[in-house]
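Chemist: The structure follows.
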């Protein structure tokens, strides 16, 4: 009787050692590589937009397909801050010894996608700021394994994330 | 065997394998992270370089003199080394080993900034001599005619032509420069003496381009002086590289230069006559736009009849009917881009191969420049930087960065003309320009809208000089085009008169004829007034 209990515990322990731990280690490795690829793709996308001044639908689609080729689904948030130099100009014209401050207008993901429905390319100008944030929305294998072993409070934890941004250096047109 | 033993043996085998694999993965991750980081640092440093170059040349009155330009380029390269050295924490000597070349493409040629031996043992970074965008042509049919053509970033060219079969000796060697366009589009008006007339009353000095009348223009801009008189709009024309302003007050100083923030009167009689001959009611008129089209027509007709034999791979380049050479897809433009590309690539390969003689262990190679970057390079003033040989993880870093300069004095690109209408200025591409049919519009160069600084002591007695700021043009930008960049058409569309579609409505070229006339006039005027350091005139 005691012998069979020991056997069951031994089999259970063996199963954990042989299957669960390596699986957890390797799936975390996969997640690391997926995160690296997502970070590189995001940095390249933002840098292309920054150095050419154009945000085109085809570039965005290419970026999206690079992200989904890692096997996960993502949520992309883009933000364009457009520079407006007119207030600075008006302040300087009123009192010539002061330089006025410029202001930025923000445009977010849903507005950008709406603009993509009518035009194929969005032009940016020098001084605009463009930034992208990417998070994964599905549960990766390592996330479900970890939840099996210990559960984390809060369902909104994401495993793979990347963000990048910068100033546009060239006028798009 | 007991199952526990199997499990332990399994662990003993798998654990080292997974350790090695995770180490390998970590090295790859580090490599890619460092590559991304260095790419970003390189692009930031190149942007600083071009910004420094732009600031230096825009504010430098003598920036078209060659020695001054060399100083500006050296200053911009120093900025590059400084920024890259600070962000990468390398000192200058170490960094110099990894930068094989920096190339500045300017309007009519390019400079390469690279290392060369200054004596038997010493080598240092210096600017190599200016390289023009040239090509040598020889008549394949055996008539002995030869030509060397210097191209530029737009449709200006300089031709050195040798014809051994000419009847007079002086016609054997001809050297001329001009803007190449389609001469059939330009129509001279009967009765106008283009060569002798300096001002035509009531707009009689005019020329037609594709049926649109191009006439003289009255140009104005705001000026502020150290003495802080009220800012007033002064009327000006361009002479050489500077602007002659007409004085508004009734004084004996009729014309002045704007130098050192004061009115510097013009005493030279030749220059005063130049301005006086162009005076009409309302002020001094600029006839540069009419000059542009008149000279372009003469030059293009000469090119079409004398350089007809030039072939590139059995394809004709000049004298192609029904083509506008200024547009992007024309045969002339494609050939020009190919000439410039070949020149830059050959020199780059040589510079980088040469650099191997300074190398320690790394072998320098030319990275593949993408088509998008070539497109930018061949149509704009730009900077290309290379960074090679830094060890990152499992390989060496080898990359380049191309950044272009949009606000520059070096060239007038088609996008750099802003149209002023009412209280706003617009870029070409703005839907409001076409839809709203603004009646009074005029085009100005985008550098005229940049804020200027004047040093003044604000009317006080002390020596404290304070900065006073003003804008030569007081209009504010239209929110559609200058802030949001919602552009619906390109300058090429305006030049060729294509149909423009905005939000479902089609506008034909008759609907925007006003915009077309003023844009073409402004573009022609600015291109004609641009100071060119090699321009030749032979009698043709």
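Chemist: Out of the stretch B:462-472, which residues are more than 9 Å from chain A (Cβ to nearest Cβ) and out of contact with any strand residue (DSSP E or B) (no Cβ under 6 Å at 6 or more places or on another chain)? Lay out the reasoning, then the answer.
Modeler: Within the stretch B:462-472, the subset more than 9 Å from chain A (Cβ to nearest Cβ) is B:462-465, B:472.
Passing the criteria: B:462, B:463, B:464.
Chemist: Still on this model: Spot the failing condition for residue B:263; the list is (1) surrounded by 18 or more Cβ atoms within 10 Å (Cβ to Cβ); (2) modelled with pLDDT of 85 or more; (3) in contact with a strand residue (DSSP E or B) (Cβ under 9 Å, 6 or more places away or on another chain), and only one is missed.
Modeler: Looking at each condition in turn, residue B:263 falls short on (2).
Chemist: Checking residue B:236 against (1) touching a strand residue (DSSP E or B) at 6+ places or on another chain (Cβ under 8 Å); (2) surrounded by fewer than 17 Cβ atoms within 10 Å (Cβ to Cβ), only one condition comes out false. Which one?
Modeler: Every condition holds for residue B:236 apart from (2).
Chemist: Sticking with this one: Could you grab me the full set of residues in the stretch B:433-450 that are over 16 Å from residue B:520 (Cβ atoms) and crowded, with 19+ Cβ neighbours inside 10 Å?
Modeler: If the condition is that a residue be over 16 Å from residue B:520 (Cβ atoms) and crowded, with 19+ Cβ neighbours inside 10 Å, then B:446, B:449 are the ones that fit.
Chemist: Take the conditions touching a strand residue (DSSP E or B) at 6+ places or on another chain (Cβ under 7 Å), within 9 Å of another protein chain (Cβ to nearest Cβ) and surrounded by fewer than 19 Cβ atoms within 10 Å (Cβ to Cβ) and apply them to residue A:97. Does it pass?
Modeler: yes
Chemist: If I filter the stretch B:259-268 for residues that are out of contact with any helix residue (DSSP H, G or I) (no Cβ under 9 Å at 6 or more places or on another chain) and under 23 Å from residue B:150 (Cα atoms), do I get at least one hit?
Modeler: No, the conditions are met nowhere in the stretch B:259-268.
Chemist: Check A:65, A:73, A:58 and return the single one that is away from chain B (no Cβ under 11 Å) and in contact with a strand residue (DSSP E or B) (Cβ under 8 Å, 6 or more places away or on another chain).
Modeler: Only one candidate qualifies: A:73.
Chemist: Right, something else. When you scan the stretch B:367-479 for strands (runs of 3 or more DSSP E) that lie fully inside it, which ones turn up with 2 or more residues that are at pLDDT below 85?
Modeler: Per the criteria, B:452-456, B:466-470.
Chemist: Name the residue, out of B:521, B:453, that is surrounded by fewer than 19 Cβ atoms within 10 Å (Cβ to Cβ) and either touching a helix residue (DSSP H, G or I) at 6+ places or on another chain (Cβ under 6 Å) or within 14 Å of another protein chain (Cβ to nearest Cβ) (or both).
Modeler: After ruling out the rest, the residue left standing is B:453.
Chemist: Let me ask you something else. Is it true that some residue in the stretch B:194-207 is in contact (Cβ under 8 Å) with a residue 12 or more places away in the chain and at positive phi?
Modeler: Within the stretch B:194-207 (the criterion being in contact (Cβ under 8 Å) with a residue 12 or more places away in the chain and at positive phi), the answer is yes, since at least one residue qualifies.
Chemist: Can you tell me which residues in the stretch A:1-15 are loosely packed, with under 14 Cβ neighbours inside 10 Å and within 9 Å of chain B (Cβ to nearest Cβ)? Give the steps one after another, and end with the answer.
Modeler: Applying the first criterion (loosely packed, with under 14 Cβ neighbours inside 10 Å) to the stretch A:1-15 yields A:1-9, A:11-13, A:15.
A:7, A:11, A:13, A:15 - these are the residues of the stretch A:1-15 that are loosely packed, with under 14 Cβ neighbours inside 10 Å and within 9 Å of chain B (Cβ to nearest Cβ).
Chemist: Where residues in the stretch A:76-94 are within 12 Å of chain B (Cβ to nearest Cβ) and not in a helix (DSSP H, G or I), which of them is modelled with the lowest pLDDT?
Modeler: A:85
Chemist: Being within 27 Å of residue B:376 (Cβ to Cβ) and not in a helix (DSSP H, G or I) is the requirement here; does residue A:107 meet it?
Modeler: Here the answer is yes, as residue A:107 does meet what is asked.
The values are calculated or read from the model by the stated rules, or taken from the named source; none is laboratory data. It should be emphasised that the depicted structure is a prediction, and the values quoted were computed from it without experimental measurement. All Cβ positions, even for glycine, are placed from backbone atoms using ideal geometry, and neighbour counts span all protein chains on display.
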